[in-house]
Amino acid sequence: MEYKTPFAEPLKEGEVRFWVDPEIGWIEYRVRDDEIYLKTRAELEYEDIYLSADEVNYQTEKKIIEAKVGAELSDAEGTVEGERMTYSFETKKGVLYEGKSEIEKGFYRGKRLKKTGDNEYFGKSGTFTTCEYSQPHYHFWSPKVKIYTRDKVIAKPVVMFIHKVPVLALPYYILSLRRERHSGFLQPYFRYNPGDYLVINTGYYWAINDFSDATFMLDYNSRRGWGQRVNIAYLYGSKSGVNSVHLAHYRDRETNIEWWKVHTSHRQDISDDTTLLTRLDLRNDTAFDRYFSEEFEIRTQQDLSSFATLTTHKGRFSFITEVSHTTSLLQEGAGAPDNELVKRSKPSTSDILPRISLSGPRIPLFGSSFYVNWGLSGINSYKERELTARFVETTGAVSLPFKIKYLRVEPSVRGEAQFHYIDKYGDYSRLFTTYSLSNSMSTKIYGIFHPLGRELRHIITPSLSYSYSPPYDSSWMLSGGTKKESPTSRFGFNLNNAFAVMGEDDSEGLRFMDINNSISYDTVERRFSNLTSSVELSPNFSSMFWLSSRLSMSHDVYDWVIENVSLNTEFEFRSRRRLA
């Protein structure tokens, strides 16, 4: 436990130090009684123990303190607070009255809290809650509570209260405080909407081994009824991530409708060059997530996708085979949220059986400075189990990058061709072709400065680009074509400022900030686009922590008003544990 102390010098062995604010407090030495009386926010320190209170009476021979009014005791086990406290520095035992403590995952309050030994407390008439409000929405009360810090809390019997109303009683309850991964019952989660409904989630976590675990959840909603969930995570099959299985089942007692959900994600490394990635996402009704999930992103997703993708790499070539099934969640009448009657309907579905693609690397043409990259794919798609499109697509690009002193120039030509065996009109053997031209120029300007004794590198990268593509008509494609009646002709400008901390053996340095601005001009419409700006901070100077924060803005350059602002922050803690 870390705390602030007014003492600058380290403690000597067996020494007790005390302090009061000299402007408002005082110290009274009672020599005959071997006591020291401290008044007005007194502070004492002994070994790893720190105590503060408004009034403290310290018995010097017995090393016993009596603290009153706002007593707070901190040591390696944590911090406890109370109105009155008696504590022995030598035995490290004591009694706290009207005490409270923030223990792992929640808050404990008790009329009497007794420290009976190292890492042990005994509470009388105490309450526990995870609610942070001074008047919690719910709490557990028990006449007897045993707390083993960093291990567990044992209470018996236990009564659960919603506000001041008792709703549930148990003969005993054990709450784990252990931080390491272990099997055990999970702490219940409660959510109460006044005048509406109560949600209770509880379950059991099973640490099967170092490579897998399972969580069994039981959900209760006072309006809808009971539900069950199972989450399984495992590291078998791949070294690249965690595979998972999620099952859920509910029965809505308002509508007497049964709901279920299956979601699996698995990556199988067949060999060093071949990987199979599968995902199964099934619901018995498309309104399942909208009706039951509490996460906004899941409630608002627009489709469900199940697929199997086999990827093979041979050298720099890639061969991909994929089959997929997609269910639209936008079907009107597929369900209703909250307490409205759910109306079921047949969802819209589409399938790809299969998609086969082959792509090659960017390679020099005949050993020259011309570079070529290409791709070839074949697609067989269905909608509502009827064949909708069958075509072969090929793409290719040729580029000629070169330098003029400090300026890098890269012109390129890209072509695309699709041969359709069937279109939405039932016609066969139809060919679609298009192309695009582009050119880009960029350079880099380097600068070095030394603020606060550190060497920082500033990299300025301005770039100018131009792109052109002709009009085309692909509206006849059943897979979703468009008709473009006018060409696209656009200039683009981008300016990037990057900042990096230089290391002794790192020529590029550690990049911690990027400032980017970009805008384009359409020569056909004769209009500038919005000016987009972004600032990204990634001060990742430790291998255990990863932080990235990005602020993006979009300005209308004609009215000079901000049309869009977004802030995205991501944080990751990396540990050496095998299974998170």
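The values are calculated or read from the model by the stated rules, or taken from the named source; none is laboratory data. On a predicted model such as this, the values are computed, not experimentally measured, just so you know. Cβ placement follows ideal geometry from the backbone for every residue including glycine, while neighbour counts extend to all protein chains displayed.
Structural remarks
- Condition check for Ser244: in a loop (DSSP other than H, G, I, E, B) and either among the polar types (S, T, N, Q) or free of Cβ contacts under 8 Å to residues at least 12 places away in the same chain (or both): no
- Qualifying residue in the range 463-480 (condition: within 18 Å of Phe432 (Cα to Cα), within 38 Å of the chain's Cα centre (by Cα) and either crowded, with 16+ Cβ neighbours inside 10 Å or modelled with pLDDT under 95 (or both)): yes
- If you go through the range 208-232 and keep only what is of a type in the set (Val, Ile, Thr) and crowded, with 17+ Cβ neighbours inside 10 Å, you end up with just Ile232.
- Test: residue in the range 115-125 that is at pLDDT below 80, of a type in the set (Gly, Ala, Ser) and over 35 Å from the mean Cα position of the chain (by Cα): yes
- Identity of the residue in the range 308-328, in a strand (DSSP E or B) and charged (D, E, K, R), that ends up nearest to Gly378 (Cα to Cα): Glu322
- Taking the range 233-285 as the range and being in contact with a Ser or Thr (Cβ under 6 Å, 6 or more places away or on another chain), exposed (fewer than 15 other Cβ atoms within 10 Å of the Cβ) and within 22 Å of Ile298 (Cα to Cα) as the test, only Ser244 passes.
- Given (1) in a strand (DSSP E or B); (2) surrounded by fewer than 15 Cβ atoms within 10 Å (Cβ to Cβ), number of the condition Tyr205 does not satisfy: (2)
Results for (1) farther than 30 Å from Thr149 by Cβ; (2) at pLDDT 80 or above; (3) part of a loop (DSSP other than H, G, I, E, B), shown as yes or no for each residue.
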residue	(1), (2), (3)
Arg181	no, yes, yes
Ala214	no, yes, no
Asn231	no, yes, no
Tyr236	yes, yes, yes
Arg251	yes, yes, no
Tyr291	yes, no, no
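- Within the range 155-180, tally of residues that are of a type in the set (A, V, I, L, M, F, W, C), surrounded by 15 or more Cβ atoms within 10 Å (Cβ to Cβ) and over 25 Å from Ser222 (Cβ atoms): 1
- Here the strands (runs of 3 or more DSSP E) wholly within the range 387-451 that include at least 3 residues being of a type in the set (A, V, I, L, M) and at pLDDT 85 or above are 407-422.
- Filtered residues of the range 155-169 (kept if within 35 Å of the chain's Cα centre (by Cα) and within 15 Å of Gly126 (Cα to Cα)): Ala155, Val158, Val159, Met160, Phe161
- Of the listed requirements (1) within 27 Å of Ser134 (Cβ to Cβ); (2) at pLDDT 80 or above, Leu175 misses just one: (2).
- Count of the range 16-57 residues which are among the aromatic types (Phe, Trp, Tyr) and closer than 18 Å to Glu81 by Cα: 2
- Within the range 57-99, considering residues that are among the basic types (Lys, Arg) and farther than 21 Å from Lys111 by Cβ, the one modelled with the lowest pLDDT: Lys92
- Single unsatisfied condition, His313 versus (1) more than 30 Å from Ile200 (Cβ to Cβ); (2) crowded, with 18+ Cβ neighbours inside 10 Å; (3) more than 26 Å from the chain's Cα centre (by Cα): (2)
- All positions within the range 145-170 that are charged (D, E, K, R), at pLDDT below 85 and not in a strand (DSSP E or B): Arg150, Asp151, Lys164
- Leu235 being among the hydrophobic types (A, V, I, L, M, F, W, C) and touching a residue at least 60 places away in the same chain (Cβ under 8 Å): yes
- Close pairs (8 angstrom Cβ cut-off, 6 or more residues apart or separate chains): farther than 12 Å from Phe140 by Cβ in the range 156-180, at pLDDT below 85 and acidic (Asp, Glu) anywhere: Ser176/Asp151; Leu177/Glu104; Leu177/Asp151; Arg178/Asp151; Arg179/Glu104
- Asp54 farther than 21 Å from Tyr121 by Cβ and of a type in the set (D, E, K, R): yes
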